[in-house]
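Notes follow once the structure below has been shown.
The values are calculated or read from the model by the stated rules, or taken from the named source; none is laboratory data. Not measured: the values here are computed from a predicted model. We place every Cβ from the backbone using ideal geometry, glycine too, and count neighbours over all the protein chains shown.
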Amino acid sequence: MKFLVISDLHQKVSALKWINDVISEEKPDHVLFLGDITEFGTGEEAADIIRSINGDVYAIPGNCDPLDLPDKISAAAKSVHGKADNIGGCDFAFLGGSNITIFDTPFELSEDDIYNALKPISKAGMVLVTHAPSFGTLDHIPNGASVGSPAIKRIIDEFKPMAALSGHIHEDRGAVRKDGVLYLNPGPAKDGYCAIFSIEGGFADARLLGPHG
(Lines give C-alpha, C1' and ligand atoms only; values in the text may rest on other atoms or scores of the structure.)
Protein backbone atom coordinates (compact mmCIF):
# COMPACT_ATOMS: atom_id res chain seq x y z
CA MET A 1 0.00 0.00 0.00
CA LYS A 2 1.40 3.33 -1.09
CA PHE A 3 0.55 6.89 -0.06
CA LEU A 4 1.57 10.30 -1.35
CA VAL A 5 2.13 12.47 1.73
CA ILE A 6 1.83 16.24 1.37
CA SER A 7 1.66 19.02 3.93
CA ASP A 8 1.90 22.78 4.26
CA LEU A 9 0.69 23.83 0.83
CA HIS A 10 -0.35 27.20 2.29
CA GLN A 11 -2.70 27.83 -0.64
CA LYS A 12 0.01 27.79 -3.31
CA VAL A 13 -2.29 26.46 -6.00
CA SER A 14 0.45 26.42 -8.65
CA ALA A 15 1.90 23.40 -6.79
CA LEU A 16 -1.14 21.33 -7.73
CA LYS A 17 0.37 20.65 -11.16
CA TRP A 18 3.47 18.92 -9.84
CA ILE A 19 1.42 17.15 -7.15
CA ASN A 20 -0.77 15.65 -9.87
CA ASP A 21 2.31 14.83 -11.92
CA VAL A 22 3.73 12.86 -8.97
CA ILE A 23 0.40 11.07 -8.55
CA SER A 24 0.46 10.13 -12.24
CA GLU A 25 4.03 8.85 -11.97
CA GLU A 26 3.95 7.11 -8.58
CA LYS A 27 0.33 5.87 -8.68
CA PRO A 28 -0.27 5.96 -4.92
CA ASP A 29 -3.34 4.22 -3.52
CA HIS A 30 -4.21 7.27 -1.41
CA VAL A 31 -3.07 10.82 -0.65
CA LEU A 32 -2.50 11.97 2.94
CA PHE A 33 -2.77 15.75 3.29
CA LEU A 34 -1.37 16.75 6.69
CA GLY A 35 -2.81 20.25 6.90
CA ASP A 36 -2.10 23.90 6.23
CA ILE A 37 -4.06 23.49 3.04
CA THR A 38 -4.78 27.23 3.17
CA GLU A 39 -2.94 30.33 4.34
CA PHE A 40 -5.61 31.60 6.74
CA GLY A 41 -8.15 30.90 4.01
CA THR A 42 -11.66 29.46 4.07
CA GLY A 43 -12.95 25.94 4.22
CA GLU A 44 -14.48 26.41 0.79
CA GLU A 45 -11.07 27.36 -0.63
CA ALA A 46 -9.56 24.26 0.96
CA ALA A 47 -12.25 22.08 -0.59
CA ASP A 48 -11.55 23.57 -4.03
CA ILE A 49 -7.84 22.79 -3.62
CA ILE A 50 -8.55 19.18 -2.64
CA ARG A 51 -10.94 18.72 -5.57
CA SER A 52 -8.03 19.60 -7.85
CA ILE A 53 -5.94 16.68 -6.57
CA ASN A 54 -6.27 13.58 -8.74
CA GLY A 55 -6.37 11.07 -5.94
CA ASP A 56 -8.26 9.61 -2.99
CA VAL A 57 -7.46 12.20 -0.31
CA TYR A 58 -7.49 11.84 3.47
CA ALA A 59 -7.10 15.31 4.98
CA ILE A 60 -6.67 17.02 8.33
CA PRO A 61 -6.40 20.74 9.14
CA GLY A 62 -3.21 22.57 9.98
CA ASN A 63 -2.87 25.44 12.41
CA CYS A 64 -3.24 27.98 9.55
CA ASP A 65 -6.55 26.46 8.42
CA PRO A 66 -10.00 27.59 9.65
CA LEU A 67 -11.79 25.77 12.45
CA ASP A 68 -14.63 24.74 10.12
CA LEU A 69 -12.26 23.06 7.65
CA PRO A 70 -13.08 19.47 8.72
CA ASP A 71 -16.78 20.03 7.87
CA LYS A 72 -16.18 22.08 4.73
CA ILE A 73 -13.87 19.53 3.06
CA SER A 74 -16.01 16.48 3.79
CA ALA A 75 -17.52 16.47 0.29
CA ALA A 76 -14.08 16.68 -1.35
CA ALA A 77 -11.99 14.34 0.81
CA LYS A 78 -12.15 11.89 3.65
CA SER A 79 -12.14 14.42 6.48
CA VAL A 80 -10.48 12.52 9.32
CA HIS A 81 -9.58 15.11 11.98
CA GLY A 82 -9.97 13.46 15.40
CA LYS A 83 -10.92 10.12 13.87
CA ALA A 84 -9.59 6.59 13.57
CA ASP A 85 -9.79 4.66 10.31
CA ASN A 86 -8.66 1.35 8.90
CA ILE A 87 -7.03 1.70 5.50
CA GLY A 88 -6.02 -1.47 3.70
CA GLY A 89 -6.04 -3.43 6.95
CA CYS A 90 -3.87 -0.91 8.83
CA ASP A 91 -5.10 1.21 11.75
CA PHE A 92 -4.70 4.98 11.46
CA ALA A 93 -5.34 7.79 13.94
CA PHE A 94 -5.64 11.36 12.69
CA LEU A 95 -5.47 14.75 14.42
CA GLY A 96 -5.07 18.15 12.84
CA GLY A 97 -4.24 21.55 14.26
CA SER A 98 -1.12 22.18 16.28
CA ASN A 99 0.02 22.66 19.82
CA ILE A 100 0.12 26.28 21.01
CA THR A 101 2.42 28.56 18.99
CA ILE A 102 3.67 32.11 19.51
CA PHE A 103 1.74 33.16 16.40
CA ASP A 104 -1.84 32.74 17.70
CA THR A 105 -2.92 30.86 14.57
CA PRO A 106 -6.54 29.73 14.09
CA PHE A 107 -6.32 25.98 14.77
CA GLU A 108 -4.29 25.50 17.96
CA LEU A 109 -4.95 22.99 20.74
CA SER A 110 -3.71 22.65 24.29
CA GLU A 111 -1.54 19.65 25.13
CA ASP A 112 -4.40 18.21 27.20
CA ASP A 113 -6.78 18.58 24.27
CA ILE A 114 -4.31 16.86 21.93
CA TYR A 115 -3.77 13.94 24.29
CA ASN A 116 -7.46 13.55 25.11
CA ALA A 117 -8.37 13.60 21.42
CA LEU A 118 -5.74 11.05 20.41
CA LYS A 119 -5.88 8.53 23.23
CA PRO A 120 -9.38 7.12 22.49
CA ILE A 121 -8.59 6.60 18.80
CA SER A 122 -5.06 5.20 19.18
CA LYS A 123 -4.00 1.58 18.91
CA ALA A 124 -0.69 -0.21 19.26
CA GLY A 125 1.11 -0.45 15.93
CA MET A 126 -1.05 2.18 14.25
CA VAL A 127 -0.01 4.89 11.82
CA LEU A 128 -0.28 8.21 13.66
CA VAL A 129 -1.05 11.14 11.35
CA THR A 130 -0.89 14.63 12.85
CA HIS A 131 -0.14 18.12 11.61
CA ALA A 132 2.18 18.89 14.52
CA PRO A 133 5.21 16.70 15.22
CA SER A 134 6.15 14.85 18.38
CA PHE A 135 8.36 16.81 20.73
CA GLY A 136 12.02 16.11 20.01
CA THR A 137 11.76 14.57 16.54
CA LEU A 138 11.51 16.48 13.24
CA ASP A 139 10.38 19.51 15.22
CA HIS A 140 13.42 21.79 15.24
CA ILE A 141 13.19 25.41 14.13
CA PRO A 142 16.27 27.27 12.80
CA ASN A 143 17.55 28.27 16.25
CA GLY A 144 17.66 24.58 17.21
CA ALA A 145 14.71 24.65 19.59
CA SER A 146 12.19 21.79 19.64
CA VAL A 147 8.63 23.04 19.27
CA GLY A 148 6.76 19.75 18.84
CA SER A 149 3.97 18.46 21.03
CA PRO A 150 4.75 16.65 24.29
CA ALA A 151 1.26 15.15 24.15
CA ILE A 152 1.96 13.55 20.77
CA LYS A 153 5.25 12.21 22.16
CA ARG A 154 3.31 10.74 25.09
CA ILE A 155 0.92 8.98 22.69
CA ILE A 156 3.86 7.58 20.73
CA ASP A 157 5.55 6.38 23.91
CA GLU A 158 2.34 4.67 25.06
CA PHE A 159 1.13 3.10 21.81
CA LYS A 160 4.35 2.53 19.82
CA PRO A 161 2.93 3.24 16.35
CA MET A 162 4.66 1.78 13.30
CA ALA A 163 4.90 5.34 11.95
CA ALA A 164 4.27 8.94 12.97
CA LEU A 165 3.61 11.35 10.11
CA SER A 166 3.60 15.12 10.59
CA GLY A 167 4.28 18.44 8.88
CA HIS A 168 4.10 21.93 10.40
CA ILE A 169 7.85 22.50 10.84
CA HIS A 170 9.01 23.49 7.36
CA GLU A 171 12.69 23.47 8.31
CA ASP A 172 12.87 19.90 9.66
CA ARG A 173 11.98 17.74 6.70
CA GLY A 174 13.10 14.15 7.00
CA ALA A 175 12.46 10.47 7.59
CA VAL A 176 14.06 8.85 10.63
CA ARG A 177 13.52 5.63 12.53
CA LYS A 178 13.74 5.77 16.33
CA ASP A 179 12.88 3.00 18.77
CA GLY A 180 11.00 1.11 16.08
CA VAL A 181 8.90 4.10 14.97
CA LEU A 182 9.29 5.66 11.51
CA TYR A 183 8.95 9.46 11.78
CA LEU A 184 8.20 11.36 8.57
CA ASN A 185 7.97 15.07 7.76
CA PRO A 186 7.54 15.38 3.98
CA GLY A 187 8.50 19.05 3.92
CA PRO A 188 6.34 21.94 2.74
CA ALA A 189 4.45 21.35 -0.49
CA LYS A 190 4.54 25.11 -1.11
CA ASP A 191 8.28 24.69 -1.71
CA GLY A 192 7.92 21.59 -3.89
CA TYR A 193 8.37 18.81 -1.33
CA CYS A 194 6.43 15.62 -0.64
CA ALA A 195 7.06 12.00 0.29
CA ILE A 196 5.99 8.50 -0.59
CA PHE A 197 4.96 6.46 2.44
CA SER A 198 4.47 2.72 2.05
CA ILE A 199 3.37 -0.21 4.16
CA GLU A 200 4.23 -3.73 3.14
CA GLY A 201 4.09 -6.82 5.31
CA GLY A 202 3.51 -4.72 8.41
CA PHE A 203 6.65 -2.66 7.76
CA ALA A 204 6.55 1.09 7.07
CA ASP A 205 9.00 2.90 4.83
CA ALA A 206 9.30 6.39 3.34
CA ARG A 207 10.97 8.11 0.41
CA LEU A 208 11.42 11.89 0.30
CA LEU A 209 10.76 13.62 -3.03
CA GLY A 210 11.46 17.10 -4.38
CA PRO A 211 11.84 19.89 -4.80
CA HIS A 212 9.37 20.02 -7.68
CA GLY A 213 7.95 22.94 -9.56
THR137 vs. criteria within 27 Å of LYS2 (Cβ to Cβ), part of a loop (DSSP other than H, G, I, E, B) and either at pLDDT below 95 or of a type in the set (S, T, N, Q) (or both): yes
task: All but one of (1) under 14 Å from HIS168 (Cα atoms); (2) touching a Lys or Arg at 6+ places or on another chain (Cβ under 7 Å); (3) of a type outside the set (Val, Ile, Thr) hold for PRO61, so report the exception by its number.
output: (2)
- line: Taking the range 72-83 and keeping only residues that are under 19 Å from GLN11 (Cβ atoms) and not in a loop (DSSP other than H, G, I, E, B), one is left with LYS72, SER79
query: crowded, with 23+ Cβ neighbours inside 10 Å, without any contact (Cβ under 8 Å) to a residue 60 or more places away in the chain and not in a helix (DSSP H, G or I), is that true of ASP65?
result: yes
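For every residue, the table says whether it meets (1) crowded, with 19+ Cβ neighbours inside 10 Å; (2) touching a strand residue (DSSP E or B) at 6+ places or on another chain (Cβ under 8 Å).
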site	(1), (2)
GLY35	yes, yes
ILE102	no, no
PHE107	yes, yes
VAL127	yes, yes
PHE135	no, yes
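Got a number for residues in the range 142-154 being touching a helix residue (DSSP H, G or I) at 6+ places or on another chain (Cβ under 7 Å) and either in a helix (DSSP H, G or I) or surrounded by fewer than 20 Cβ atoms within 10 Å (Cβ to Cβ) (or both)?
4
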query: List pairs: first in the range 47-61 and farther than 18 Å from GLY97 by Cα and of a type in the set (Gly, Ala, Ser), second assigned to a loop (DSSP other than H, G, I, E, B) and modelled with pLDDT of 95 or more, Cβ under 9 Å, 6+ apart or cross-chain?
result: GLY55/PRO28; GLY55/ASP29
- prompt: more than 25 Å from ALA206 (Cα to Cα) and of a type in the set (Val, Ile, Thr) - does that describe any residue in the range 82-100?
  reply: yes
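Of all residues in the range 84-109, which are assigned to a strand (DSSP E or B) and either at pLDDT below 95 or of a type in the set (A, V, I, L, M) (or both)?
Residues satisfying the conditions are ALA84, ILE87, ALA93, LEU95, LEU109.
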- prompt: Which condition number in (1) buried (at least 22 other Cβ atoms within 10 Å of the Cβ); (2) in contact with an Asp or Glu (Cβ under 9 Å, 6 or more places away or on another chain) is the one that GLY41 fails?
  reply: (1)
- prompt: Which numbered condition trips up GLY89, out of (1) loosely packed, with under 14 Cβ neighbours inside 10 Å; (2) closer than 27 Å to ALA145 by Cβ; (3) not acidic (Asp, Glu)?
  reply: (2)
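Specify which of the listed residues (PRO161, PRO188, PRO120) is in contact with a Leu (Cβ under 7 Å, 6 or more places away or on another chain) and not aliphatic (A, V, I, L, M).
Going through PRO161, PRO188, PRO120 in turn, just one is in contact with a Leu (Cβ under 7 Å, 6 or more places away or on another chain) and not aliphatic (A, V, I, L, M): PRO161.
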field: Candidates ASP139, ASP112 - the one that is surrounded by 15 or more Cβ atoms within 10 Å (Cβ to Cβ) and more than 12 Å from the chain's Cα centre (by Cα)
entry: ASP139
task: Starting from the range 70-91, keep only residues that are under 15 Å from ALA163 (Cα atoms), then list their pairs with residues that are among the hydroxyl-bearing types (Ser, Thr, Tyr) and assigned to a loop (DSSP other than H, G, I, E, B) whose Cβ atoms are within a distance under 8 Å, requiring at least 6 positions of separation or different chains.
output: ALA84/SER122
Among the candidates ALA195, ALA206, residue that is within 23 Å of ILE19 (Cα to Cα) and in contact with a Ser or Thr (Cβ under 8 Å, 6 or more places away or on another chain): ALA206
